[in-house]
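The values are calculated or read from the model by the stated rules, or taken from the named source; none is laboratory data. Worth saying up front: this structure is predicted, and the values here are computed from it rather than measured. Cβ coordinates were reconstructed from backbone atoms using ideal geometry, including for glycine residues, and neighbour counts include every protein chain displayed. Note: accessible area is taken over every heavy atom of the protein model, side chains too, but ligands, DNA and RNA are not part of it. Shrake-Rupley method; radii C 1.70, N 1.55, O 1.52, S 1.80 Å.
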Amino acid sequence: MIRIFLGASAALLWSVAAAQPYPAKPIHLLVAFPPGGPVDIIARLVAPKVSETLGQPVIVENKVGASGNVATSEVAKSAPDGYTLLAHSSAYAVNPTLFANPGYDPARDLVAIAVVARQANIVLVNAGFPARTLEELKGAMQKGKLAFASPGAGTTPHLTAENLFHVRWKADVTHVPFKGAGPAVAGLLAGEPPIGCMAGSGPMAQIKAGRLRALAVSSAQRLSQLPEVPTLDELGYPGMEDYTWVGVFAPAATPRDIAQKLNDAVLKAVASTDVRARLDALAFDATAAPLAQTADYVRTEVAKWARVVRETGARPE
């Protein structure tokens, strides 16, 4: 009789909890990369606004490893209840092709809540490096074996550089992957290596301070923050409009109404004046859109970067 009572009580408690409107407890947002990079910056910018809208804390936690695959796999396997979310970069779209076993299938295991913002990749050098233009960098690469830094294998800055240096220039240059944008900027400042390709927010302050020199950007138009820096298209490299974006994802079986609440909260956050101003200062374009549009964009990006991985022959280091 006691066991029956306890079982009935547990079932009742579960049904009461399940009946509570979402969210009824804190939400955990796992960031797939270290502090200081674009994913971490965006996650910590948007999380407080989402918390205000939903009435529950949004706890941001950096879960680093395997170019974002560690965090992605963990979220993919978590309960689809809206309490464990993923903040990832466009490497989310790259890794399924780059890695033999990334630990997730983007078409099956996760649902895109929002692609919050995107920014161009920047080809840049340490201020002490002699190249002052992209053409001079090409000449330097043709004279001797050099190396370039990226925030990590499979990030879109890595693939933008692979496409330019290896496919377009046929240069003998070595990729040095770092564990995030912050460490990559530190390496570039130390001249180890003196060449890099990174999304705008990571190196922007150092470019403005004159410690790093931007040679080209991968956006369709020049950046308002760096109006003197030409686009790759302007410099004779069409078809290289590449962006690093930051998205929020949930397990695939997350109920539609919960996914919609999260999407609404992110859209509201991105629409706020202070968030927009901060995004602009960091060279981000706000891109948050409704769920269906977001899903279409992510599918397109997965297909695009699969093609680039195959063309460049990029491999995880």
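The candidate values are (i) 31, 60, 9, 0; (ii) 33, 52, 12, 3, 0; (iii) 31, 57, 11, 1; the one derived from this structure for P(r) over Cα pairs in 20 Å bins from 0, in percent carries the label (ii). The accessible area of Ser224, taken with all protein chains in place and a 1.4 Å probe, comes to roughly 90 Å². 222 nm [θ] for the chain, helices only, -39500 (n - 2.57) per DSSP H run of 4+, per residue, to 500? -12500 deg cm²/dmol, from helical runs alone. Ordering Val125, Met240, Gln260 by the projection of their Cα atoms onto the charge dipole of the chain, which places +1 on the Cβ of Lys and Arg and -1 on the Cβ of Asp and Glu, puts Val125 at the extreme positive end. Considering only trypsin sites (Lys or Arg not before Pro) in DSSP loops that have at most 13 other Cβ atoms within 10 Å, the longest stretch of the chain without any of them is 171-317. Cross-linked pairs Lys138/Lys170; Lys138/Lys179; Lys63/Lys179; Lys49/Lys261: Cα-Cα separations exceed 19 Å for Lys138/Lys179.
Length, then width, then depth: along the principal axes, the Cα atoms of segment 170-317 run 50, 38, 30 Å. Note on Asn101 and Glu135: the model spin-label points, each 7 Å out from Cα along the C-beta direction, lie 5.0 nm apart.
How many percent of the accessible area of segment 50-197 is carbon or sulfur, using a 1.4 Å probe? Answer for segment 50-197: carbon and sulfur cover 52 percent of the accessible area. Each residue of segment 287-298 was assigned a 3J(HN,Hα) from its phi angle through the Karplus curve 6.51 cos²θ - 1.76 cosθ + 1.60 (θ = phi - 60°); the sequence is 10, 4, 9, x, 4, 5, 5, 4, 4, 4, 5, 5 Hz, with glycine and proline shown as x. Within the shell defined by Cβ-Cβ distances under 12 Å, the residues around Ser73 carry a net charge of -1, with Lys and Arg each +1 and Asp and Glu each -1. Between Asp285 and Arg211, the simple label model (points 7 Å from Cα in the Cβ direction) yields a spacing of 2.9 nm.
Can you tell me the convex hull volume per residue for segment 230-303, based on C-alpha atoms, in Å³ to the nearest whole number? Mind dumping the intermediate values first?
On the way: hull volume 7.8 nm³, N = 74.
Residue-normalised Cα hull volume stands at 106 Å³.
Each residue of segment 110-126 is assigned a 3J(HN,Hα), and the resulting list reads 9, 10, 7, 7, 6, 9, 5, 7, 9, 8, 6, 8, 10, 8, 8, 9, 4 Hz, derived from the Karplus form 6.51 cos²θ - 1.76 cosθ + 1.60 (θ = phi - 60°), x at Gly and Pro. Rounded to the nearest Å, what's the spacing between the alpha carbon centres of segment 78-123 and segment 240-277? Just the number, please. Cα centres, segment 78-123 to segment 240-277: 12 Å.
Compute a Gaussian network model of the chain, connecting alpha carbons closer than 10 Å, and tell me which residue from Tyr237, Tyr92, Tyr104 fluctuates the most. Top of the fluctuation ranking is Tyr237. Taking a point 7 Å out from the Cα of Ala24 in the direction of its Cβ, the residues of segment 63-103 whose backbone N falls within less than 19 Å of it are 79-85. Counting only protein heavy atoms and a 1.4 Å probe, the chain has 44 square angstrom of accessible area per residue.
Counted by Cβ distance under 15 Å from Arg276, the other residues give a net charge of +1, where Lys and Arg count +1 and Asp and Glu count -1.
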